[in-house]
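Since every read-out is calculated from the coordinates, none of them should be taken as a lab result. On a predicted model such as this, the values are computed, not experimentally measured, just so you know. Positions of Cβ are backbone-derived with ideal geometry, glycine not excepted, and every protein chain shown enters the neighbour counts.
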Amino acid sequence: MEDKPVVLFATPFLHHPPTGGPVLRIENSIIALSEISHLHIYSRIPLNEIGGEAGLSFYRKYCNGFYFASRVSLNRYVRFVKRCINFLAKRIIKRPVFKINWKTIEDFRYLLKVADNIKADVIWLGYGNISYPLLKYIKTHSNYKVVLDTDSVWSRFVLRGLPYARNKEEYERIEKEGREKEEEEKWGTTLADITAAVSEIDAEYYRMLAMHPQQVHVFSNVIDTIMYQHKPLPPANFKKPCIYLAGTFWRGSPMEEAARWVITEVLPLVRRQIPKMHLYIVGRGSDEILSDIDGPCISITGELHSVLPYLCNADVSLVPLKFESGTRFKILEAGACERPVVSTTLGAEGIPITNEKDILIADEPEMFAAAIVRLIKDPSFSSEMAKNLKRLVHDNYTVASLAVEGRRILEYLLQ
């Protein structure tokens, strides 16, 4: 591209500082795209929900223009978006994900008006997993090229929860929601000019749905490694040796299942060999969802302004996920902080790690506990593995590498 293209980046979820993996993906996507395009941001949520004036000031550094959704439909639309996110993330809303009404259509029209005014070359839909109705509207009411940017395979995320359903009703609901999402992914992948996937594993799934393989490109989850250069002091009364588990929790979430598995099946085995081992569990909702957990060897913090004081000073970071989709920021952040990681096979999905080189993989409680003990008792091996993981992250998962992937997508679209 001799001249940078004009990109309108539309997102239903935005906040600075980021409040979780999907929001971190949105923010890093904006930073990367700002380097390779004349970027404009269309926020489908109001000022107070993106972090106020401080959040707006941050994002304006990376764009030529910042626009909010039509004021006429904004308040109702914000509630609408929240319901969609809750449906997919918490699996608790028993109704169709998208209920299109005239207020929503007005917002879609306003987005296209912005695209016309800035003479956009491409509309880039962040958080594409819940943007299929908007995609359909754009493609049936304009000729804009559209990138549908996914953060996972949502149908896979939902259906992988089937073995963990607590009763028949929940099983049937999960299956119904997963199959409906599969249908949406089928028509959405054929309709979008590009579906962006976070890894080759996700890309393979979308390619099976696409009309041709070139419709699917990888646009990875990455981190801004500069943010992890300085090691903060540990929190007050920080206990060592310790293991660290972080994520976003809700009832029946992958993180609840993972944490309870570690607490009941893994930690007792570890403490047989390392009696003073302490487990730190951090993240939004952890204190509420695990409120029944009590014991001197476990600390549950809830949501923190920054997890780095815990992560950077932990002996081992854990990724014990049993069901999920996408790629784990947990592993990337641990690598950037040069912390060794023990993960399940699924927890490390999509990242080209090598067991025993830059990560330890274990799926059964005994092997998972043994991996933790090995890292604690063999500091030289632990240090070497952490350094290898850090090198992997710095070589493949930075904002600069994401900009390269983004440039390939735009070049393909506009060649």
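With the simple spin-label model, which puts each label point 7 Å out from Cα in the Cβ direction, the residue 383 to residue 404 separation comes to 3.0 nm.
Taking 0.36 nm per residue of separation and subtracting the current Cα-Cα distance, fully stretching the chain between residue 208 and residue 297 would add 27.4 nm. Taking amide H positions as placed in the peptide plane 1.01 Å from N, state which residues far from residue 124 in sequence (5 or more) or on other chains have amide H under 5 Å from it. Counting only residues 5 or more places away or on other chains, the set is 8, 9, 10, 147. If you take all other residues with their beta carbon under 14 Å from the beta carbon of residue 365, and give Lys and Arg +1 and Asp and Glu -1, the sum is -1. Across the stretch 228-396, the convex hull enclosing all Cα atoms gives 106 Å³ per residue.
Using only side-chain charges placed at the Cβ, +1 for Lys and Arg and -1 for Asp and Glu, the dipole size of the stretch 228-396 relative to its Cα centre rounds to 540 debye. The residues neighbouring residue 409, those whose beta-carbon lies less than 13 Å from its own, together hold a net charge of -2 under the Lys/Arg +1, Asp/Glu -1 convention. Using C-alpha pairs below 8 Å separated by at least 6 residues, the relative contact order for the stretch 118-173 is 36 percent. Near the amide H of residue 302, within less than 5 Å, lie the amide hydrogens of 283, 286, 287, all on another chain or at least 5 residues away, with H placed in the peptide plane. Sorted largest first, the principal axis extents computed over the alpha-carbon atoms of the chain equal 64, 51, 42 Å. Shape analysis of the stretch 302-394 places it in the rounded category; the axes a ≥ b ≥ c from the Cα gyration tensor give an a/c below 1.5. Going by the alpha-carbon gyration tensor, a ≥ b ≥ c the square roots of its eigenvalues, is the stretch 262-353 rounded (a/c under 1.5) or, if a/c is not under 1.5, prolate (a/b greater than b/c) versus oblate? Rounded, since a/c falls under 1.5.
Just list whichever of 61/113; 136/186; 231/387; 231/322; 240/357 have alpha carbons separated by over 21 Å in the model shown.
Those over the limit are 61/113; 231/322; 240/357.
Packing-based ranking of 285-296, 346-357 yields 346-357, 285-296, ordered from highest to lowest mean Cβ neighbour count within 10 Å.
A Förster radius of 45 Å, combined with the Cβ-Cβ distance separating residue 271 from residue 141, puts the computed FRET efficiency at roughly 0.15.
The alpha carbon centroids of the stretch 385-415 and the stretch 183-251 are separated by 13 Å.
Taking all Cα pairs closer than 8 Å and separated by 6 or more residues, the relative contact order of the stretch 300-363 comes to 33 percent. Judged by the mean number of other Cβ atoms found within 10 Å, the most tightly packed of the peptides 388-395, 376-383, 255-262 leads the ranking 255-262, 388-395, 376-383. Between the beta carbons of residue 109 and residue 64, assuming R0 = 25 Å, the FRET efficiency works out to 0.70 to the nearest 0.05.
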